Amino acid sequence: MKIGLFFGSFNPIHIGHLIVANTMVETTDLDRVWFIVSPQNPFKKQKDLLHEFDRLDMVEKAIFDNANFSVSDVEFAMTRPSYTIDTLLLLRQKYPKHDFVLIIGGDNLADFPKWKNAQQILDEFGLYVYPRPQSKPSDLQMHERVRMVEAPLLDISATFIRKCLRLGASVRYLVPQEVEHYLLQKKFYL
Ligand SMILES: Nc1ncnc2c1ncn2[C@@H]1O[C@H](COP(=O)(O)OP(=O)(O)OP(=O)(O)O)[C@@H](O)[C@H]1O
Ligand SMILES: O=C(O)c1ccc[n+]([C@@H]2O[C@H](COP(=O)([O-])O)[C@@H](O)[C@H]2O)c1
């Protein structure tokens, strides 16, 4: 089984994430996508970062009806910040029969060489990249271990959704209905 690992803060998960994951399953050789909720991105310090359990709950609500998707809290028990290579190595050890690839959005490619053990991630796992508006150019686009997936650009971000909620604007259609209800019920990001 070839699995795409889609790491993120998911603060909160939105339809952009779901379209990325679905495109990977439908248009590449990936059989499944696992969403890995990261407690703390090493490059991001966010004051409005929800507790990881709340972000995990929302991912579960977003993917419950898609048999190709799963979510993992494996990073919750690991050291912070969340370094992707550490998790990749752990998952490979735990699931020796699976073949793992890392999925990222195009905005993460330019800074990817600054990630911990970036070369090892490239060599041993490889990257599948979904294009994203306003991404900085990167030489890695041509790298043999990087697959640029052709798909529609989605100008949707968790930042925009948090802003809508702060302003009292509806996030209907930007997040799945179950996630919208949960966000409103819990009064998140107000
Ligand atoms: N609209 C999108 N198009 C392509 N990739 C995306 C999109 N939104 C998120 N991603 C990718 O999903 C992964 C997780 O992203 P993340 O949870 O940080 O969402 P985000 O919308 O970028 O959040 P924020 O606005 O808080 O920075 C990253 O690899 C990111 O590049
Ligand atoms: O391992 C690293 O050095 C590293 C550097 C930057 C980001 N990451 C991971 O990339 C994922 C995407 O982050 P985010 O916050 O944009 O959703 C998240 O799981 C981070 O932990 C990992």
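All but one of (1) in a helix (DSSP H, G or I); (2) out of contact with any Leu (no Cβ under 6 Å at 6 or more places or on another chain); (3) of a type outside the set (S, T, N, Q) hold for V101; state the number of the condition that does not hold. Among (1) in a helix (DSSP H, G or I); (2) out of contact with any Leu (no Cβ under 6 Å at 6 or more places or on another chain); (3) of a type outside the set (S, T, N, Q), the lone unmet condition for V101 is (1). The number of residues in the range 1-48 that are more than 16 Å from ligand 2 (Cβ to nearest atom) and not charged (D, E, K, R) comes to 7. When each of K186, K163 is tested for being within 19 Å of L49 (Cβ to Cβ) and either within 13 Å of ligand 1 (Cβ to nearest atom) or in contact with an Asp or Glu (Cβ under 6 Å, 6 or more places away or on another chain) (or both), the lone residue that passes is K163.
Does the range 141-151 include one or more residues that are in a loop (DSSP other than H, G, I, E, B), small (G, A, S) and loosely packed, with under 13 Cβ neighbours inside 10 Å? Scanning the range 141-151, I find no residue that is in a loop (DSSP other than H, G, I, E, B), small (G, A, S) and loosely packed, with under 13 Cβ neighbours inside 10 Å, so the answer is no.
Quick one: S82 ticks every box in (1) within 23 Å of P42 (Cβ to Cβ); (2) out of contact with any Asp or Glu (no Cβ under 6 Å at 6 or more places or on another chain); (3) small (G, A, S) bar one, so which box is it? Only one criterion in (1) within 23 Å of P42 (Cβ to Cβ); (2) out of contact with any Asp or Glu (no Cβ under 6 Å at 6 or more places or on another chain); (3) small (G, A, S) is unmet by S82, namely (2). Hey, any hits in the range 118-131 for a residue that's in a strand (DSSP E or B), surrounded by 15 or more Cβ atoms within 10 Å (Cβ to Cβ) and either among the aliphatic types (A, V, I, L, M) or over 19 Å from the mean Cα position of the chain (by Cα) (or both)? The answer is yes, given that some residue of the range 118-131 is in a strand (DSSP E or B), surrounded by 15 or more Cβ atoms within 10 Å (Cβ to Cβ) and either among the aliphatic types (A, V, I, L, M) or over 19 Å from the mean Cα position of the chain (by Cα) (or both). Scanning the range 30-54 for residues that are under 19 Å from G106 (Cα atoms) and in contact with a strand residue (DSSP E or B) (Cβ under 9 Å, 6 or more places away or on another chain) yields L30, V33, W34, F35, I36, V37, S38, N41.
Only one of these is touching a strand residue (DSSP E or B) at 6+ places or on another chain (Cβ under 9 Å) and within 15 Å of ligand 1 (Cβ to nearest atom): V74, V129. Name it. Unique residue meeting the criteria: V129. Among the residues of the range 8-46, those that are part of a helix (DSSP H, G or I), buried (at least 23 other Cβ atoms within 10 Å of the Cβ) and hydrophobic (A, V, I, L, M, F, W, C) comprise V20, A21, M24. For the range 93-100, the criterion of being within 16 Å of ligand 1 (Cβ to nearest atom), within 22 Å of V149 (Cβ to Cβ) and under 16 Å from the mean Cα position of the chain (by Cα) is met by at least one residue.
Candidates D107, D123: the one that is within 17 Å of F7 (Cβ to Cβ), in contact (Cβ under 8 Å) with a residue 12 or more places away in the chain and of a type in the set (D, E, K, R) is D107.
Every number here is computed from the coordinates shown, using simple stated rules; none is lab data. Predicted, not measured: the structure shown is a model, and the values here were computed from it. Every residue, glycine as well, gets a Cβ built from its backbone with ideal geometry; the counts of neighbours run over all protein chains shown.
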